[in-house]
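See structure below.
No lab work stands behind these numbers, since they all come straight from the coordinates. Note that the structure is a prediction, hence the values are computed from the model and not measured. Cβ coordinates were reconstructed from backbone atoms using ideal geometry, including for glycine residues, and neighbour counts include every protein chain displayed.
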Amino acid sequence: MDKVSKKQIKGIHKTIERILTKYVMIEDDNDFITSQVIDDITNERIEGVPDFTLGFIHSSVDLVENYEKAEFLGDSVLALFAARYLVSMENEVPFSYYTRIKSTMVSNMNNGVYAVKLGLDEHIIHDDIDIGNSIYSDVFEAFLGLLFLRSERVTGGRSSIVCARFLENLVKEDFDAIVEAAEKDDVTFVDQVMRTTKAIKEIKTEEGNKTKYEVQLTSEGKKILGKYGTQESRTIDSSLGIGKDKSPDEAKKKAYKETRKTLTSVGIDENWSNIYALKKIEADLVDSSESTKYKTIIRSLRNKGASYINITFPSKWKADTSKYGSTGYLITSVVVKDGKIVSENKLSVGKIKITSETTKKQRYEMVLKEYYKKLIARMNK
């Protein structure tokens, strides 16, 4: 690292020490993370373990000694933490959203935001190249990889605890924003509603100076789309979306944006498979005769080509606690044919009692139970 000045190294180590002091060495829960450990991590080069400075060197400066290997390791550390964080924390996020949220947590966009927030972007060492979010993300992952390696030596192999503590304290500040971003992301939306990556395939080709990205529906995808109605009720082409751009990443985004439009145009959105959840409600019903009626209704909906059962929640979800009380909901069964909605059956479930303590999952189940009762009443008329 001859091309790195002592001033640059000092600035990097000072930033790392500030980050670890804020996000790892918590005053009321010190454990083995002491100021001496932080000094060892940041200041002393440990045999067989690269110095933190390496995590800021771009390949434009040095093709051999740069952040690429550290970034590779950091990417894996981040993916493992994101999965662990989601399954261990107590939150109101439905399990079906985990994949989407995890994808956002490990995305270049999110990592780039963290790099800037921590001040890592101020120390990137490069040879006069354009610095953007992708490189910011690389440096954040490299930092995480080196934190894992170096803390492993100075904490007796407990580097996973150091990294987990650092990431947890960093993520919990922005978790609500991460969830919101995940709900808006087109790629994770498609993955969620199609339930499996085998349902779609991606084809990437080069056209002149642009990348063409196409998302296509597989035979497995057609099988999934036909699960809640006849195949004829949901006619859809094999090509779902195409995107072209000089940047491969932008081409992919455009393709998935079009894919999302295609799916929603034929009634396939986040709620189209809610009929699955109705099966769980059946287990809570004691009267077997009602269960039989329930099955009859659902079968009837499928035979009529119901594409999905959509639950419309209140637009202002995070209301002031003083305003919680009775909230109205609307559930719609939609029939789609040849890419167009041919019939729509709206059924209001009236009011349900909720409080500020009622979780989103509980609200959802309460609505489904009310919906079931309404269907039974309608059938008995």
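Based on the Cβ-Cβ distance from I242 to E220, what FRET efficiency comes out when R0 is 30 Å, to the nearest 0.05? Before the final figure, lay out the partial values.
Values: r = 21 Å, r/R0 = 0.69.
Result of the calculation: an efficiency of 0.90.
Rounded to whole numbers, the Karplus 3J(HN,Hα) couplings from phi for the range 67-77 are 8, 4, 5, 5, 4, 4, 5, x, 4, 5, 4 Hz, using 6.51 cos²θ - 1.76 cosθ + 1.60 with θ = phi - 60°, and x at Gly and Pro. Sorted fewest first by neighbouring Cβ atoms within 10 angstrom, T53, T21, T262 come out as T21, T262, T53. Within the range 52-70, find all residues whose amide N lies under 20 Å from a label point positioned 7 Å from the Cα of D127 along Cα-to-beta-carbon. Those under the cut-off are 53-70. For the range 117-168, the dipole from Cβ point charges (+1 on Lys and Arg, -1 on Asp and Glu) about the Cα centre works out to 560 debye, to the nearest 20.
Please find the FRET efficiency linking Y98 to T205, where r is the Cβ-Cβ separation and R0 is fixed at 41 Å, and quote it to the nearest 0.05. Present the calculation step by step, with values, prior to reporting the outcome.
Numbers: r = 32 Å, r/R0 = 0.79.
The pair Y98/T205 has a calculated efficiency of 0.80.
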